[in-house]
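Enquirer: The following block contains the structure, expressed as C-alpha cells.
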Amino acid sequence: MENTIVAISTAAGNGGIGIVRLSGPKSFEIINKIFIPKNKEKEIKGYSIKYGNIINPENNEIIDEVLVSYFVSPKSYTTENMCEINTHGGMTVERKILNICLKNGAELAEPGEFTKRAFLNGRIDLAQAESIIDLINSKSDKEAKESVKGLKGELSSKINEIENKITDVMVNIEVVVDYPEYDIEEITNNEALYKLQEIKKLLEELEKSFDRGKLIRDGIKTVIFGKPNAGKSSLLNAILNEDRAIVSDIEGTTRDSIEEYINIEGLSLKLIDTAGIRQTENKIEQIGVEKSKRFANEADLIIAIFDLSSDFSKEDQEIADIIKDKQAIIVLNKVDIKQDNNETEELLQKIEKPIIKVSALKKEGLNELYQKIVELFSLNNFCNGNDVVITNERHKNQIRKAKENIEKAMDSVKNNMPIDISSIPIKQALEDLGEITGKNASEDIINEIFKKFCLGK
C-alpha cells in the first residue's frame, strides 16, 4: 500500500489512555515530524516504545505527553511499518493528534482498514479476519474462546485439509483425461466415489456444527413462558437483578416481549419475557399472546413458569402441551406463599421436564435454575474442545454450497457419466471453500466484511 493511514483505535469518550494508530510507508516519517522523544536515538527498532511529547510542528506547541510503540515491517499487525501513539484518554487530545497526523501526510483509515491490510498483505486469511470482529463483539467466554480458535486459523486449517482431499480427487481425474490410452477409468471412478463420500462427511460435520456455533454466537434464545400473574416478569427482574419489567397483580400487564442478555458460567442467554397465555378479548393482548407462542416455538430453551399458589388451569395445560416436545425447564413459582401443590406437580411430572421450585419475589431457587441451564447447555456436552465449530453464517452457506456440489459429483460418478463431467462440480466445490478463506472471494464480499469493523481496527 502506498498511502499511510491513521485512525483513533480506542472507543469514543474519556478513558485512562487513548490510542492513535498509523500504518504505511510514511509512518515513521510522520512520527519524526510530530514526536519529540526524551531519548533521541536515531535508529528505529521494532517492538520498542519511546517516551516523549507529541507536538504541533507548525508552532512546536506540546499536545500531550505520550508513549509511541514502533513496529517495523514485516513484523506488525498489517505487515507494514506501524506506530501506535498511547496518549491520555479523551476525545479532544486524540482528535488533535489525529488531525496533526492528517496534516503531515497520513490519510484517514476506513473502518477495518488495518485488518484489511493484514489480509491483503497475506498475514491472515479472510476467516481469521472475521474471527477478529467476532472476538470484539463476543458476549460470552465461550464465544470469545471460539473466536480465538478462528483467529489462530483452526477453521482455515480444516478448510485447507478438505481442499487438499478435493484436489487429490481432481488430480486422479486429470490423469484419466490426460492419458486416455490407459484403461483406469473404472478404478478411478470407484476411488473418486470413496473419496467424495469422505469429503461429504467432513463438510456435513462442519455444517452441523453451526447449530452449536449459533448458540455460542447469538446466545441461547430463552423464553419465559406462562399464564398471566405466574411471575414471568418477576423472574426476569430477579435474574437481571433490576426492575426491567413492570410487575403488577393486574393480569395482562405484559403486552409485548422484553429482551435482555445475561451470562451464566460462560453461557450467553438471550432472555425473552413474553405476554401471559390466556384467552382475551383485547386485540392488542391477543397479538402479544400469539407472539409469545411463536417465540416459544422458535426458542432454544423455554422456562415454563407455573403458579404454585393457584389451581392448575386450562391455560397451564395449554402451556404444558406446548413445551412437552421442546427443550424446557419447569419453574414452580411462589414457594414463599405455598410450598406444595400436589395436583400441579403430578400433572407436570408427566411431561418429564426438569422441575425447579423458586420464589421470584424473594430470589430463592435461582441458583438451582442456573445450574440446570448449565447442565442442559454445557457446550462440553455437545462440543469437544478440539472441534472446529462454525459460528459464521457466511461460512456455513459456503460449506453447504460445497457439500451440494460434492453430492452432484457423486451422482455423476454413480450414473457413469464421463469422469471429466464429474470434475465440474468438484472444481466449484473448491471455489466455494476458497471464498471462506478469501482465496476466491470477490472484492465486493471482502469490502462488505470489512465494513462491519470499527474504525481503527
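Enquirer: Might you check whether a residue that is touching a Lys or Arg at 6+ places or on another chain (Cβ under 7 Å), touching a residue at least 60 places away in the same chain (Cβ under 8 Å), crowded, with 19+ Cβ neighbours inside 10 Å and closer than 18 Å to L108 by Cα occurs anywhere in the stretch 21-28? Show your work before the answer.
Expert: Taking the stretch 21-28 and keeping what is touching a Lys or Arg at 6+ places or on another chain (Cβ under 7 Å), we get 23.
Within this subset, residues satisfying the condition of being touching a residue at least 60 places away in the same chain (Cβ under 8 Å) are 23.
Narrowing further to those that are crowded, with 19+ Cβ neighbours inside 10 Å: 23.
From what's left, closer than 18 Å to L108 by Cα: 23.
Yes, because at least one residue in the stretch 21-28 is touching a Lys or Arg at 6+ places or on another chain (Cβ under 7 Å), touching a residue at least 60 places away in the same chain (Cβ under 8 Å), crowded, with 19+ Cβ neighbours inside 10 Å and closer than 18 Å to L108 by Cα.
Enquirer: Now for a different question. If we keep just the residues of the stretch 195-215 that are farther than 23 Å from S423 by Cβ and of a type in the set (K, R), which is surrounded by the fewest Cβ atoms within 10 Å (Cβ to Cβ)?
Expert: Checked the stretch 195-215; the qualifying residue surrounded by the fewest Cβ atoms within 10 Å (Cβ to Cβ) is K208.
Enquirer: Quick one: in the stretch 336-377, which of the residues that are assigned to a loop (DSSP other than H, G, I, E, B) and in contact with a Gly (Cβ under 7 Å, 6 or more places away or on another chain) is farthest from P228 (Cα to Cα)?
Expert: The residue in question is V358.
Enquirer: What do you reckon, is K158 of a type in the set (D, E, K, R), free of Cβ contacts under 8 Å to residues at least 12 places away in the same chain and surrounded by fewer than 23 Cβ atoms within 10 Å (Cβ to Cβ)?
Expert: no
Enquirer: Is it fair to say I264 is at pLDDT 75 or above and in contact with a Leu (Cβ under 8 Å, 6 or more places away or on another chain)?
Expert: So I264 fails the test.
Enquirer: From (1) modelled with pLDDT of 90 or more; (2) surrounded by fewer than 17 Cβ atoms within 10 Å (Cβ to Cβ); (3) farther than 20 Å from S156 by Cα, pick out the condition that doesn't hold for M410.
Expert: (2)
Enquirer: Can you name the condition, by its number, that H395 falls short on among (1) in a helix (DSSP H, G or I); (2) surrounded by fewer than 16 Cβ atoms within 10 Å (Cβ to Cβ)?
Expert: The single condition H395 does not satisfy is (2).
Enquirer: Which of the residues belonging to the stretch 240-258 are of a type outside the set (G, A, S), at pLDDT 55 or above and surrounded by 13 or more Cβ atoms within 10 Å (Cβ to Cβ)?
Expert: L240, I258 - these are the residues of the stretch 240-258 that are of a type outside the set (G, A, S), at pLDDT 55 or above and surrounded by 13 or more Cβ atoms within 10 Å (Cβ to Cβ).
Enquirer: Between a residue in the stretch 360-374 that is within 15 Å of L267 (Cβ to Cβ) and any residue that is at pLDDT below 85 and of a type in the set (D, E, K, R), which pairs come within a Cβ distance under 8 Å, given they are 6 or more apart or on different chains?
Expert: Y370/E265; V374/E265
Enquirer: For G52, indicate whether it is of a type outside the set (V, I, T), in the same structural domain as S9 (by TED's automatic domain parsing) and in contact (Cβ under 8 Å) with a residue 60 or more places away in the chain. Walk me through how you get there before you give the answer.
Expert: Details: of a type outside the set (V, I, T): yes; in the same structural domain as S9 (by TED's automatic domain parsing): yes; in contact (Cβ under 8 Å) with a residue 60 or more places away in the chain: no.
Answer is no for this residue.
Enquirer: Sticking with this structure for a sec: Does the stretch 1-17 contain any residue that is loosely packed, with under 15 Cβ neighbours inside 10 Å, part of a loop (DSSP other than H, G, I, E, B), without any contact (Cβ under 8 Å) to a residue 40 or more places away in the chain and not hydrophobic (A, V, I, L, M, F, W, C)?
Expert: The answer is yes, given that some residue of the stretch 1-17 is loosely packed, with under 15 Cβ neighbours inside 10 Å, part of a loop (DSSP other than H, G, I, E, B), without any contact (Cβ under 8 Å) to a residue 40 or more places away in the chain and not hydrophobic (A, V, I, L, M, F, W, C).
Enquirer: Filter the stretch 1-48 for residues that are within 30 Å of the chain's Cα centre (by Cα) and basic (K, R) and give the result.
Expert: R21
The values are calculated or read from the model by the stated rules, or taken from the named source; none is laboratory data. Predicted, not measured: the structure shown is a model, and the values here were computed from it. Please note: Cβ atoms are built from the backbone with ideal geometry, for glycine as well, and neighbour counts cover all protein chains shown.
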